[in-house]
Amino acid sequence: MKLTEEQAQRYSRHFVLKEVGVSGQKKLLSAKVLVIGAGALGSSAIMYLAAAGVGTIGICDYDVVDISNLQRQIIHRTSSVGKEKVVSAEHAVGELNPDVQVVLHRQRLTADNIQGVIENYDFILDCTDRFETKFLINDGCVLSKKPYCHAGVVRFGGQVMTYVPEQGPCLRCLLGNVPEDSLTCAEAGVLGAVTGVIGSIQALEAIKYLLGIGQLLVGKVLRFDGLNVHMGVTNFAHSDEGCAVCGVNPTIKSLAENRSDYEIKSCGCGGV
């Protein structure tokens, strides 16, 4: 792959990084990342992936832009209210970087379709706001042996972790099952700038994975407290014996057989 003069200028700051360089930029241009959720987390993640020159970005969402989204979902504009989020996000990416091919997945992910959606991507970002969907993404990625980055935000804080097949624990190792008392940001509130921080970290995890550089949040969870400006990373164990999906004796072997685990039981807030 030979870079054009325009690309040489666009990615010049990457070239001076010895961990990236021209060869790394070519890797990014050849990579495929799927972002599930074109809301607040997805907004910053998609834009930084596009700016970095990730060649193919899949965007999966079934919602439309609401004016209440604009407090945090910065990929959308007031003129986008009422439009499909995937279409609004595609327009923003095109305005930022014409190198990027955007693939739209206008659908709600289910136990029946998720593995078909994720199969052609190198890395997955979970930018959703409901735990049922997060566990669906986790289980689908584990069963399909796909690396992905999980994140969640509520009020002034958020957390991030990354799963890489056969290298570390998954979301079920961290949380077990869907928390019964979890709140969405519609119920508890969320500060928009916090979602920008967390979504940017997700993009960073994807870029590092694609380039094979640095340390990923595998077997670790990053927690960010934006109100008190504190960030910490703690390790958590791989539940080899106990994890229902990635353990040595998993009980979840088929998404279809466990579809009730992924049914939405609470109202969300439109993709964080």
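Filter region 117-135 down to residues that are assigned to a helix (DSSP H, G or I) and closer than 21 Å to A89 by Cβ and give me whichever is nearest to the chain's Cα centre (by Cα).
Filtering first and then ranking leaves K134.
Can you list residue pairs whose Cβ atoms sit under 7 Å apart, with the first residue in region 101-126 being at negative phi and among the small types (G, A, S) and the second being crowded, with 16+ Cβ neighbours inside 10 Å and not in a strand (DSSP E or B)? Count only pairs 6 or more apart in sequence or on different chains.
A111/L136; A111/L255; A111/Y262
Which residue is nearest to the chain's Cα centre (by Cα), if the candidates are limited to region 91-102 and must be crowded, with 16+ Cβ neighbours inside 10 Å and part of a loop (DSSP other than H, G, I, E, B)?
The qualifying residue nearest to the chain's Cα centre (by Cα) is V100.
Restricting attention to region 194-242, report how many residues are of a type in the set (D, E, K, R), under 28 Å from G21 (Cβ atoms) and surrounded by fewer than 20 Cβ atoms within 10 Å (Cβ to Cβ).
Just the residues of region 194-242 that are of a type in the set (D, E, K, R), to begin with: 205, 208, 220, 223, 225, 240-241.
From the residues that got through so far, the ones that are under 28 Å from G21 (Cβ atoms) too are 205, 208, 220.
Subset that is surrounded by fewer than 20 Cβ atoms within 10 Å (Cβ to Cβ): 208, 220.
Residues flagged as of a type in the set (D, E, K, R), under 28 Å from G21 (Cβ atoms) and surrounded by fewer than 20 Cβ atoms within 10 Å (Cβ to Cβ) within region 194-242 amount to 2.
For region 41-54: of the residues being among the hydroxyl-bearing types (S, T, Y) and crowded, with 22+ Cβ neighbours inside 10 Å, which is farthest from A8 (Cα to Cα)?
Our first condition is that a residue be among the hydroxyl-bearing types (S, T, Y); within region 41-54, this holds for 43-44, 48.
Narrowing the set further to residues that are crowded, with 22+ Cβ neighbours inside 10 Å leaves 43-44.
On the way: S43: 26, S44: 24 Å.
If we take residues in region 41-54 being among the hydroxyl-bearing types (S, T, Y) and crowded, with 22+ Cβ neighbours inside 10 Å, then S43 is farthest from A8 (Cα to Cα).
Within region 103-126, identify whether any single residue is open to solvent by 50 Å² or more (accessible area, probe 1.4 Å), of a type in the set (D, E) and touching a Ser or Thr at 6+ places or on another chain (Cβ under 7 Å), and answer yes or no.
Yes, the conditions are met somewhere in region 103-126.
Is there any pair with a first residue in region 209-238 that is free of Cβ contacts under 8 Å to residues at least 12 places away in the same chain and over 21 Å from P147 (Cβ atoms) and a second that is hydrophobic (A, V, I, L, M, F, W, C) and in a strand (DSSP E or B) whose Cβ atoms are under 6 Å apart and which are 6 or more apart or on different chains, and what are they?
Between residues of region 209-238 that are free of Cβ contacts under 8 Å to residues at least 12 places away in the same chain and over 21 Å from P147 (Cβ atoms) and residues that are hydrophobic (A, V, I, L, M, F, W, C) and in a strand (DSSP E or B), the close pairs are M231/F224.
Would you confirm whether or not region 147-165 contains a residue that is more than 23 Å from A40 (Cα to Cα), open to solvent by 30 Å² or more (accessible area, probe 1.4 Å) and not in a helix (DSSP H, G or I)?
Checked against the condition, which is being more than 23 Å from A40 (Cα to Cα), open to solvent by 30 Å² or more (accessible area, probe 1.4 Å) and not in a helix (DSSP H, G or I), region 147-165 yields no hits at all.
What tally of residues in region 55-75 results from selecting those that are more than 24 Å from E119 (Cα to Cα) and either open to solvent by less than 10 Å² (accessible area, probe 1.4 Å) or part of a helix (DSSP H, G or I) (or both)?
8
When you go through (1) in contact with a Gly (Cβ under 6 Å, 6 or more places away or on another chain); (2) farther than 22 Å from L28 by Cα one by one for G242, which number turns out not to apply?
The single condition G242 does not satisfy is (1).
The values are calculated or read from the model by the stated rules, or taken from the named source; none is laboratory data. As the structure is a computational prediction, the values presented were derived from the model and not from experiment. Ideal geometry is used to build each Cβ from the backbone, glycine not excepted, and the neighbour counts take in all protein chains shown. Calculation scope for accessible area: heavy atoms of the full protein, side chains included, ligands and nucleic acids excluded. Shrake-Rupley method; radii C 1.70, N 1.55, O 1.52, S 1.80 Å.
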